[in-house]
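Since the structure comes first, as structure tokens, the remarks are kept for the end.
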Ligand code: PMT
């Protein structure tokens, strides 16, 4: 039996990449597989948390986890915001599209001209909205960066009013999108940092849950 240091805590986790419709058969997406979010859900549930997983992918659902399927950033936003008041912790492992097509076409776009332009509009930043609304909830964000990882991660921690920020340098082999492993640095709002080695996403999830449990105790 795993240690029960998250017993009774309500934890909302997001996983996977959002899909933004272009037309009925096409979408704009990204390379998130959902594995990091599912590993977090499995570990948090084993350690006693009541876990809701808002997910864009269909991986096997970990034992005891309640799944909320979504596809787009707007759907994810609704699913997260409508549950926010009832949770103790939110972990935003999902890769949310920063932009979506302004006008998804009702019919399949046919091939005509040599060039095709799709106009995009900014999606709401869910983590930032949570940071503005939070009343005692612990907010855990991720930062997926390919350069200047430390600077951008620190910026996201501040700007989004997160409590913990998990930074991964997704340009490194075995790190980030689609892999079985990850290598992260955990930054906290008090200036603390923990550099972890490359390890399985389950081990990364264990380390993140340990930091969360410490924060919840203090
Ligand atoms: O799913 P896997 O294949 O296992 O890959 C794991 C991962 C690389 C997706 C994961 O480790 C990770 O880094 N997730 C965050 C990916 C991301 O989109 O990061 P970002 O730096 O663009 O966003 C920063 C934070 O803001 C994230 O917590 C994100 O969920 C959140 N965000 C971003 C944009 C937006 N419109 N709303 C948000 O809430």
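The values are calculated or read from the model by the stated rules, or taken from the named source; none is laboratory data. What you are looking at is a predicted structure, and each value in this text was computed from that prediction instead of being measured. All Cβ positions, glycine included, derive from the backbone under ideal geometry; neighbour counts span all protein chains shown.
Observations on the model:
- Residue count for region 35-49, restricted to those that are surrounded by fewer than 24 Cβ atoms within 10 Å (Cβ to Cβ), at negative phi and not in a helix (DSSP H, G or I): 1
- Taking the criterion of being at negative phi, without any contact (Cβ under 8 Å) to a residue 40 or more places away in the chain and in contact with a helix residue (DSSP H, G or I) (Cβ under 7 Å, 6 or more places away or on another chain), the residues of region 62-103 that qualify are 62, 63, 65, 68.
- Restricting attention to region 124-145, the residues that are in contact with a strand residue (DSSP E or B) (Cβ under 8 Å, 6 or more places away or on another chain) and either near the ligand (Cβ under 10 Å from one of its atoms) or within 14 Å of residue 80 (Cβ to Cβ) (or both) total 12.
- When residues in region 93-128 are screened for being within 15 Å of the chain's Cα centre (by Cα) and assigned to a strand (DSSP E or B), 1 of them pass.
- In region 180-201, of all residues being closer than 21 Å to residue 62 by Cβ and within 15 Å of the chain's Cα centre (by Cα), the one that is surrounded by the fewest Cβ atoms within 10 Å (Cβ to Cβ) corresponds to 201.
- Looking at 171, 205, just one residue is modelled with pLDDT of 95 or more, within 12 Å of the ligand (Cβ to nearest atom), closer than 18 Å to residue 14 by Cα and in contact with a helix residue (DSSP H, G or I) (Cβ under 9 Å, 6 or more places away or on another chain), and that residue is 205.
- Considering 90, 57, the condition of being within 13 Å of the ligand (Cβ to nearest atom) and assigned to a loop (DSSP other than H, G, I, E, B) is satisfied by 57 alone.
- If the condition is being surrounded by fewer than 22 Cβ atoms within 10 Å (Cβ to Cβ) and either near the ligand (Cβ under 10 Å from one of its atoms) or under 22 Å from residue 214 (Cβ atoms) (or both), then region 18-34 contributes 30, 31, 33.
- Residue in region 154-170 that is within 21 Å of residue 17 (Cβ to Cβ) and loosely packed, with under 13 Cβ neighbours inside 10 Å present: no
- Among the residues listed as 53, 6, 59, the single one being crowded, with 22+ Cβ neighbours inside 10 Å, touching a helix residue (DSSP H, G or I) at 6+ places or on another chain (Cβ under 6 Å), under 18 Å from residue 142 (Cβ atoms) and touching a residue at least 24 places away in the same chain (Cβ under 8 Å): 53
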